[in-house]
Each structure stands twice: as structure tokens, then as C-alpha cells.
Amino acid sequence: MASHNDLGQKGEAMAKAHLEATGYEIMDENWVFGKAEVDLIAYKAGIIIFTEVKTRTGNYFGEPEDFVDARKQRLLVEAADEYIYLMNHQGEVRFDIISIIFDRNNNHTLKHIEDAFWPSAI
């Protein structure tokens, strides 16, 4: 497997652990609908949270969260709409990004951005 895939899986595992440690229930991982994949779908306080995880080995080209562009956001919203329909969820939803940056010494910084974008804004 390519090293960037290993890094991505490591980041998703760290993001999942972070969410669970802060009281979120993980409902699904790597949920696919059409061309979209939602890394983590969590639940907390009646809200379904669709979470995109971005892991990088530096921020030379921008912060990891900067790579969740309008196209990716549209795909996430389409997937979320289907998930909400299938789950018959009547409550609130939210779109979060978890950004993880590793340095040369394998130390990391994790940033959880709640309400990272709004579906109506894309």
C-alpha cells in the first residue's frame, strides 16, 4: 500500500479516537455513496456529524483543511443527504473537518473544526 494511504488510515484512526474520547458515537466509517466517501459519521447530542479527515506531513502547500474544496463539499452533502434519508434522521446535521499534521519527528497536531462548512454555502 502506498505510504500516503497508510498516513490517511493512521489519521482516520486518530480522528476516530479523538471523537470517541470527546463523547461522540461513531456510526459509520468510510461510508460510500456514489463518488463520495465520508470518512467518519458520528452522533452526539441528537446531531449527526459528517466528518472529513485530512492528514498531511506538513503544511507547505496549505493547511490540510484547505483541501476540502467546493467539489468535495458537494459530494459530502450528497452522501449526507442519502445517509439522512436511509437513517430517517429528523434532527440536525453538521459537517466537520479533522485536520492532522505530522512533523519530521512523527509528532502531530490535530485540529477539529466543527461546522466547517454549510451545505447552503456550496
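Could you tell me which of the residues MET14, MET1 is in a helix (DSSP H, G or I) and either modelled with pLDDT of 95 or more or loosely packed, with under 14 Cβ neighbours inside 10 Å (or both)?
On the way: MET1 fails: in a helix (DSSP H, G or I).
After applying the criteria, what remains is MET14.
Count, please, the residues in segment 39-53 that happen to be closer than 18 Å to ASP6 by Cα and either acidic (Asp, Glu) or surrounded by fewer than 22 Cβ atoms within 10 Å (Cβ to Cβ) (or both). Write out each step before concluding.
Taking segment 39-53 as the starting set, the residues that turn out to be closer than 18 Å to ASP6 by Cα are 39-40, 52-53.
After this cut, where a residue has to be either acidic (Asp, Glu) or surrounded by fewer than 22 Cβ atoms within 10 Å (Cβ to Cβ) (or both) as well, the list is 39, 52.
Result for segment 39-53: 2.
Quick check on segment 80-109: of everything there that is of a type in the set (Phe, Trp, Tyr) and in contact (Cβ under 8 Å) with a residue 24 or more places away in the chain, which residue is surrounded by the fewest Cβ atoms within 10 Å (Cβ to Cβ)?
Just the residues of segment 80-109 that are of a type in the set (Phe, Trp, Tyr), to begin with: 83, 85, 95, 102.
With in contact (Cβ under 8 Å) with a residue 24 or more places away in the chain added as a condition, the list becomes 83, 95, 102.
Values: TYR83: 19, PHE95: 22, PHE102: 17.
Top of the filtered list is PHE102.
Does at least one position in segment 25-32 carry a residue that is of a type outside the set (Lys, Arg), surrounded by fewer than 17 Cβ atoms within 10 Å (Cβ to Cβ) and not in a strand (DSSP E or B)?
No, segment 25-32 contains no residue that is of a type outside the set (Lys, Arg), surrounded by fewer than 17 Cβ atoms within 10 Å (Cβ to Cβ) and not in a strand (DSSP E or B).
Can you name every residue in segment 54-64 that is crowded, with 20+ Cβ neighbours inside 10 Å and in a loop (DSSP other than H, G, I, E, B)?
Matches in segment 54-64: none.
For residues in segment 65-79 being of a type in the set (A, V, I, L, M, F, W, C) and farther than 18 Å from GLY11 by Cα, which is surrounded by the fewest Cβ atoms within 10 Å (Cβ to Cβ)? Steps first, answer last, please.
Here is the first cut: in segment 65-79, the ones of a type in the set (A, V, I, L, M, F, W, C) are 67-68, 70, 75-77, 79.
Filter once more, so that each one left must be farther than 18 Å from GLY11 by Cα: 70, 75-77, 79.
On the way: ALA70: 10, LEU75: 18, LEU76: 25, VAL77: 19, ALA79: 20.
Per the stated criteria, the residue is ALA70.
Please pick out the residue among LEU7, LEU19 that is aliphatic (A, V, I, L, M), surrounded by 11 or more Cβ atoms within 10 Å (Cβ to Cβ), at pLDDT below 95 and assigned to a helix (DSSP H, G or I). Show your work before the answer.
Values: LEU19 fails: at pLDDT below 95.
Testing whether each residue is aliphatic (A, V, I, L, M), surrounded by 11 or more Cβ atoms within 10 Å (Cβ to Cβ), at pLDDT below 95 and assigned to a helix (DSSP H, G or I) leaves just LEU7.
The values are calculated or read from the model by the stated rules, or taken from the named source; none is laboratory data. Because the structure is a prediction, the values reported are computed rather than measured. Glycine gets a Cβ as well: all are built from the backbone with ideal geometry, and neighbour counts include every protein chain shown.
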